[in-house]
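The values are calculated or read from the model by the stated rules, or taken from the named source; none is laboratory data. Keep in mind that this is a model prediction, so the values were computed, not measured. Counting neighbours? That spans all protein chains shown, and the Cβs are built from the backbone with ideal geometry, glycine included. Note: accessible area is taken over every heavy atom of the protein model, side chains too, but ligands, DNA and RNA are not part of it. Shrake-Rupley method; radii C 1.70, N 1.55, O 1.52, S 1.80 Å.
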Amino acid sequence: MIARVMGVVVAAWCVVSSASAQAPSAAPDSAHVRRDAERAQERFERIRIQELPWVWDGGSSGSCDERVGRFCLTFDDADDEPWTPPPETERVQEARDTLLARLRDAAARVRGDWWISGQLVRYLVEDGRVDEARDAARRCSAERWWCLALETFALHAGERFAEAEPVYDSALALMPAQVHDAWSDLSLLLPREARREFQHLHGAERDRITRRFWWLADPLYLVPGNERRTEHASRLVMNRLQERAWSPERTRWGDDLKELLLRYGWPSGWQHVRRSGAYALDRSGSITRYGDAWAFLPPLDDARHPERISEDGWRLDSTSARTGYAPPYVERFDSVAYQVALFRRGDSVLVIGVLALPRDDAATVRFASGSPGARRRVSGWRTGEPVQAALFIRGDSGDAMVSVRDSVDRPRAVLRARVAPVPSVVSLEAFSAAGRQAVRVRFALDASRVAGPGVALSDVLLLDDVPPGGVSPTLDDVLPLARAGTLVHAGERIALYWELYRDREQPAPVSVEVSVWEARAGFGRRLARALHLAGAPYRTQLEWDERSGAGPVWRRALALQLGQLREGSYIVRVRARLPDGRVVERSRELQVRE
């Protein structure tokens, strides 16, 4: 997790204000009520600070992985256990109850004060009373956009994401232009180069890329609503509330704290620092801790050019992730084996997605916020848990989506959807609500590559074996044998299935070639070659003439025995040459493990 270490003692804390956060001039009695509410909030946070747990030497390595303004970010070691905040003391709980009573009284006496309304909703949410928080937001009589933002905050905290998003949209529509621009700005979420690129965008182009950025950031399309977007809205609400409030940070709220909040969310807890050695008497430092999370925000280039999203380029456990978020409904995002293949069907394209569920024995879980790249070995998905699997395909506008869902009670899900032959983004997902576990892969898909008219080959679909029907099966025949993923073991028998599409019936023979060659050897094989202990890279091919089948579509299945292959990456290619000289081909990469 991420620990932020404060090495500077702040002896006095000054309440600061912001032009964007100040309310219009209030009557003297209203101002008095506001000051009393601010003092009550300060007293509560002072008590919280006094009750924080202690840790020696900051609990970190002492080095900074990144500096943000006044603060030093350090990342826990990959093998560290997740930090869990201790339960609140009884004194803190009683102090919060007192604060909430004061805030309710103040809200009843001053009905249009944005700060009082906001703090009441905030501390109700913090206390787990999300339904009361939503009711308080609906009773809010400050500016309408702010009350809607508070309702978004409460709905998101209650995991009612599908309800929260349209409320947030309404808040954005009613915001003053300056506030809307600030709340729509992605700059702090982006690395330096991408930030400059985003700041040069304007008007409709900026709005289009921002919309695409957020629908790509949605953790699971299987879960209604876009919880990553409403999480960002909630962080913006907290930032506005903190501009004029006390917090356990014990220092003025500023741009650096805003950046940390927008990137990592509200902290999971704080600790006092008890220093050793020469600094034994300095007891004023503190640590702010953030929990494990995943990198759901896409690179800006993916939002600008979704057709470039590669199958292995956008990782939830990216070590360079600038932000993190942990959906409350899931504890694990597992790596996943999958296969996607395209087949022509008239004027549309049939997309086949095969998705494996983690085995019952073990799975590697990767966390991408606090400990970038950290891995823990945990048990796999338990047999018998209800699992929803889905294939989602949406155009680059993000508005239209084709989705197919299935309840999975087997080791893999086979999903199919018919789409228009246009560039799209595909998301293969599986989610166990009972087990609080999920898998997901998301990448660009160019469905036009097999679209007609004209001669074309379908994608090569990997199978466990040739189906009993022989070498000319239908797609329905082979789908039960479709492999989830492209990882195979040396010596294993697999099969290929493909379809050849022609613009007219041509009974003349078609020359077919299937070849396999080594694209990248494993480390041991490369070392053996360097020492002249191994021969040249593997390559083989098989050729024949197809003389049967006069229809416009030829279907073929072919078994392969991988006994001679060693560990590494291999390319399997199917090539067809027609009598008029036209050549079409399709290939797929295999990962062979010994």
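The table below lists the values:
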| item | result |
| --- | --- |
| Amide H contacts under 5 Å for Asp292, placed H, 5+ residues apart | none |
| Of all accessible heavy-atom area on the range 59-206, the percent that carbon and sulfur account for (1.4 Å) | 47 |
| Backbone HN-Hα couplings from phi across the range 88-103 [Karplus 6.51/-1.76/1.60, Hz, Gly and Pro as x] | 5, 6, 4, 5, 5, 4, 5, 5, 5, 4, 5, 4, 4, 5, 5, 5 |
| Radius of gyration and maximum dimension Dmax of the range 165-223, Cα, Å | 12.6, 34 |
| Estimated dipole of the range 53-194 in Debye, rounded to 20 [Cβ of Lys and Arg +1, of Asp and Glu -1, Cα centre] | 1020 |
| Which of Tyr123, Cys147, Ala133, positive extreme of dipole for the range 86-164 (C-beta unit charges) | Cys147 |
| Where Asp113, Asp135 fall by accessible area, highest first, once all protein chains stay in place (1.4 Å) | Asp135, Asp113 |
| Accessible area of His156 in the full protein assembly, 1.4 Å probe (Å², nearest 10) | 20 |
| Largest-first ordering by accessible area, 1.4 Å probe, given options His180, His202 | His202, His180 |
| Using θ = phi - 60° and Karplus 6.51 cos²θ - 1.76 cosθ + 1.60, couplings along the range 136-147 (whole Hz; Gly, Pro as x) | 5, 5, 6, 7, 4, 10, 6, 3, 4, 4, 5, 5 |
| Ser187 - accessible surface, heavy atoms, 1.4 Å probe, Å² rounded to 10 | 10 |
| Using θ = phi - 60° and Karplus 6.51 cos²θ - 1.76 cosθ + 1.60, couplings along the range 571-582 (whole Hz; Gly, Pro as x) | 9, 10, 10, 10, 10, 10, 10, 7, x, 7, x, 5 |
| Whole-number accessible area per residue in Å² for the range 108-243, which is evaluated in the context of all protein chains at 1.4 Å | 40 |
| Contour minus Cα-Cα distance for Ser170 and Gln561 (0.36 nm per residue) | 134.8 nm |
| Residue-level accessible surface for Arg208, protein heavy atoms, 1.4 Å, Å² | 110 |
| Share of Cα-Cα pairs in the range 113-168 lying beyond 14 Å, as whole percent | 42 |
| Debye, to nearest 20: dipole size of the range 430-478, +1 on Lys, Arg Cβ, -1 on Asp, Glu Cβ | 440 |
